Amino acid sequence: MADVAAIEENDMQNTLAALIATLIVITLAAPAFGSGCPGKMAEIDQRLAAGPMLDAEVLEEVVSLRTEGEVKHQRGKHGEAMAALEQALAKLEDADADNHHH
């Protein structure tokens, strides 16, 4: 009977690994899905995950705008959501540009 438990545990780990892999693919592919709010949020998340050189104040603004965008998206205010998300991306791009000039 111990074998059955080991097999079930293995299946569980495989399922979890497949789920994680799927989430990663979805997150990475999201920008390719276009210009919607989720695509913008994924783009911001990817850029933050890449560890940009941001000072704490800019990072806080980006995270705050990203959160605001997500909340407005969930409330169906997509125009406002996109505005906040575009602002967050612009701040990331400005910070990137500044870092490449130094």
Seminar exercise, completed: Counted neighbours (other Cβ, 10 Å), sorted fewest up, put 40, 91 in the order 91, 40
Exercise. Once the mean 1/r over all distinct Cα pairs of the stretch 34-102 is inverted, what Kirkwood radius in angstroms do you read off?
Worked result: 12.0
For this session: Provide 41, 53 in ascending order of the number of other Cβ atoms located within 10 Å of each residue's Cβ, fewest first.
Result: 53, 41
For this session: List 47, 66, 75 from most exposed to least, where exposure is judged by having the fewest other Cβ atoms within 10 Å.
Result: 75, 47, 66
Exercise. Any idea what the dipole of the stretch 45-102 comes to, in debye rounded to 20, about its Cα centre with Lys/Arg Cβ at +1 and Asp/Glu Cβ at -1?
Worked result: 340
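The numbers here are math on the coordinates, done by the rules we state, and not lab data. Not measured: the values here are computed from a predicted model. Ideal geometry is used to build each Cβ from the backbone, glycine not excepted, and the neighbour counts take in all protein chains shown.
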